[in-house]
Each structure stands twice: as C-alpha cells, then as structure tokens.
Amino acid sequence: MSEIAVDRGLRVCVVESLTSGRLANTVGAGEDAGTWFAGGIVAYLTDVKERVLGVTPGTDPCSVSCAQQLASGGLELFDADICVSTTGVGGPGPDGGHPPGTVHLGWATREGLGHRSLALTGDPGEVIDEATAAAVRLLAFHLESVRPVGPRRS
C-alpha cells in the first residue's frame, strides 16, 4: 500500500466510527506514511458525522449509506484521492436494531464510491480487529485502481 501511494503521489485518509482510531493507527504505521497518509477522523456521535462529514440527518449510523457518506465526506475533508470508512456494531449486544458484528465499510475516490458489508462474530475486540483488517484490505484493493488527479496540492 505504501509503495503504491508513494509511487503515484496519492493521498489516503480514513474515517472511523466502529474502529475508534485503530484503522488510522494501522494505516499510519505504513512506510513513509508522512508523505501519503493525509490523516483520519474518529466520529462516534451522529451530530459530528453530520456536521463535520456531511452525513445526511436521519441516516442510520449503522448502514451502507452512512459508510459511503463517511468515506465521501472524508475524501473532501482531507482533499484525498481515496478514503475508507468503518461503522457498525461491535457488541456485545445489539444497537439500534442491528445485531453485534454488523459492520459496514465504505470507500470513496474521485471516480466513485462503494461499500462492503460484514457480519462478524466474536467479542467486541475481535469484531474491531477483524473490521480493521477488512478495511485495510479494502483500502489496498481500491488503491490499486486510483490514479492521481493532477498536480499535488500545495
């Protein structure tokens, strides 16, 4: 992932709810991250997701729509080339009518956006670990197809 971002001059960012900074910590540990990792934001409260990241009021915080809006908002906030987001229910119990282990990952680039939904099992720590690993894999997969948008930002 680091090599692709450096070679292509890409900016990468993340937005997290479920993973509470674990994804940013993992991505930021990449080689030469100071040259390609624009940063991350952890947004748990719905009003923060709406105000800072542009999530539409009334959007279910544990949904595909929320994951995609978080990624799109992060892309704009960080002026990045790619953003991956995490949201869901870690457990141990259900939340908002969603069972524990319900996870939605979003991704956004200048060309489009998408998602991946997961139904994970385990205790909250295991759900967060697997969600983080899946988000890193999703980021690496989509990074392969991203091309820089033009001259680097100043």
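The values are calculated or read from the model by the stated rules, or taken from the named source; none is laboratory data. As the structure is a computational prediction, the values presented were derived from the model and not from experiment. Positions of Cβ are backbone-derived with ideal geometry, glycine not excepted, and every protein chain shown enters the neighbour counts.
Given the conditions (1) of a type outside the set (S, T, N, Q); (2) under 22 Å from GLY58 (Cα atoms); (3) not in a helix (DSSP H, G or I), report the number of the one that LEU75 does not fulfil.
Exception for LEU75: condition (3).
Scan the stretch 8-21 for residues that are of a type in the set (Lys, Arg) and outside any loop (DSSP other than H, G, I, E, B) and jot them down.
ARG8
Sort through VAL64, VAL55 and tell me the only one that's β-branched (Val, Ile, Thr) and either buried (at least 23 other Cβ atoms within 10 Å of the Cβ) or closer than 23 Å to THR35 by Cα (or both).
VAL55
Each row is one residue, and each column tells you yes or no for (1) surrounded by 16 or more Cβ atoms within 10 Å (Cβ to Cβ); (2) of a type in the set (D, E, K, R); (3) at pLDDT 95 or above; (4) closer than 18 Å to CYS66 by Cα.
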site: THR86; (1), (2), (3), (4): yes, no, yes, yes
site: ASP95; (1), (2), (3), (4): no, yes, yes, yes
site: PRO99; (1), (2), (3), (4): no, no, yes, yes
site: VAL103; (1), (2), (3), (4): yes, no, yes, yes
site: THR121; (1), (2), (3), (4): no, no, yes, no
site: ALA131; (1), (2), (3), (4): yes, no, yes, yes
site: SER145; (1), (2), (3), (4): no, no, no, no
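What residue, of ALA24, ALA38, ALA5, is closer than 15 Å to THR87 by Cβ and not in a loop (DSSP other than H, G, I, E, B)?
From the options ALA24, ALA38, ALA5, the qualifying one is ALA24.
Could you check, for the stretch 49-61, whether at least one of its residues is over 15 Å from the mean Cα position of the chain (by Cα), small (Gly, Ala, Ser) and at pLDDT below 95?
No: the stretch 49-61 contains no residue that is over 15 Å from the mean Cα position of the chain (by Cα), small (Gly, Ala, Ser) and at pLDDT below 95.
Being of a type in the set (Gly, Ala, Ser), part of a strand (DSSP E or B) and either touching a residue at least 12 places away in the same chain (Cβ under 8 Å) or farther than 22 Å from MET1 by Cβ (or both) narrows it down to one residue among ALA135, ALA131, ALA108; which is it?
ALA108
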